[in-house]
Structures are given as structure tokens and as C-alpha cells.
Amino acid sequence: MQDIRWKQRFDNYRKAVIQLTEFIDKGTLNKFEVQGLVQCFEYTFELGWKTIKDYLELEGFDVKTPRKAIQTAFQSQLITDGHTWIDMLDKRNLMAHTYNEKYADEAERLIKEKYYNALIELEKKLEEEL
């Protein structure tokens, strides 16, 4: 059952990454599109760490929190940039304030320049595990 669970979650993660890619590929975004980008990033990140959690639990690890899942994923080489993943986790709260233009601009920059690549890397790594 657990084997199926991570694969189902991963399927949803892939769909979220596709949507996020559409925002990234669009280039310049208006303020409403930036809000959409941030929301899309938030649920993509959530699906990402939960997919990591499901996968690691199948592998026998005990990972109950996002931070523990990220740390264990880094240690087991499921992800290569643990710092970026922890940064994503920490910045989630900041991103709730996209109505503030300063926060919105920072969130957009981080997603495009840093976080998107980490999410894509996870997708490729998990694809190899199917």
C-alpha cells in the first residue's frame, strides 16, 4: 500500500511541477500572476516534501516533519541541495504575504532563480525510482 501511496503522491507532484513550469516559462508576470506563481509553488513544495516523506517511509525511515524529511532526503542523496530545501521550508511563511510588493518580488525571484531547479531535480530523481 505504501508503495502505491508515494507513486500516487508523486504523480500529483509531477502535475504540480508542470503547472509551475508554465508560470516559469511565461517570463514577466503581472502582480496577479505572481500571486498565482507563489500559490503554485506553495502546493508544489508541499507535494514535494510529502512525496519525499512517503518515499523515505517506504525505505524504512521515520520522517514525521518536513524538516526531518528534507534532512533525511539529503543524507540519502535523494536531494543534493539540502540548504535550498530548508530555505524553501523557512520561506513558506514569507510567501503568504504576497500582497506586499516587496515580499512578492522576493518570492518570485527565489522561486525562479533557486527553488524551481530544486523541485525539478527532485522530480528527475524520483522518476528514476519508479
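The values are calculated or read from the model by the stated rules, or taken from the named source; none is laboratory data. A quick note: this is a predicted structure, and the numbers were derived from the prediction, not measured. Because the Cβ atoms are built from the backbone with ideal geometry, glycine has one as well, and the counts that use them run over all protein chains shown.
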Exercise. Considering Thr44, Thr51, which residue is in contact with a helix residue (DSSP H, G or I) (Cβ under 6 Å, 6 or more places away or on another chain), crowded, with 16+ Cβ neighbours inside 10 Å, more than 21 Å from Asp105 (Cβ to Cβ) and not hydrophobic (A, V, I, L, M, F, W, C)?
Worked result: Thr51
For this session: Working only within region 44-78, note down all residues that are touching a residue at least 40 places away in the same chain (Cβ under 8 Å) and of a type in the set (Val, Ile, Thr).
Result: Thr44, Thr51, Ile52
For this session: Go through region 96-130 and count every residue that is part of a helix (DSSP H, G or I), of a type outside the set (D, E, K, R) and under 22 Å from Ile52 (Cα atoms).
Result: 10
Exercise. Hey, any hits in region 6-17 for a residue that's crowded, with 16+ Cβ neighbours inside 10 Å, over 20 Å from Tyr116 (Cα atoms) and either free of Cβ contacts under 8 Å to residues at least 12 places away in the same chain or not hydroxyl-bearing (Ser, Thr, Tyr) (or both)?
Worked result: yes
Exercise. Looking at region 42-60, is at least one residue of a type outside the set (Val, Ile, Thr) and at positive phi?
Worked result: yes
Problem set entry | Scope region 79-123; condition charged (D, E, K, R), touching a residue at least 60 places away in the same chain (Cβ under 8 Å) and surrounded by 15 or more Cβ atoms within 10 Å (Cβ to Cβ); matching residues | Glu108, Lys112, Glu123
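Quick check on my filter: what residues within region 107-125 are among the basic types (Lys, Arg) and farther than 24 Å from Arg9 by Cβ? Give the steps one after another, and end with the answer.
Here is the first cut: in region 107-125, the residues among the basic types (Lys, Arg) are 109, 112, 114, 124-125.
Result: Arg109, Lys112.
I'd like the full set of residues that are under 15 Å from Phe45 (Cβ atoms) and not hydrophobic (A, V, I, L, M, F, W, C), limited to region 112-130. First the steps, then the outcome.
Residues of region 112-130 that are under 15 Å from Phe45 (Cβ atoms), as a first pass: 112, 114-123, 126.
Lys112, Lys114, Tyr115, Tyr116, Asn117, Glu121, Glu123, listed by residue number.
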Problem set entry | Test: Leu37 is within 19 Å of Leu130 (Cβ to Cβ) and crowded, with 18+ Cβ neighbours inside 10 Å | no
For this session: Kindly indicate whether any position in region 97-116 is over 12 Å from the mean Cα position of the chain (by Cα) and within 22 Å of Arg5 (Cβ to Cβ).
Result: no
Exercise. Scanning for something out of contact with any Phe, Trp or Tyr (no Cβ under 6 Å at 6 or more places or on another chain), more than 30 Å from Ile4 (Cβ to Cβ) and modelled with pLDDT of 95 or more, does region 43-55 turn up at least one residue?
Worked result: no
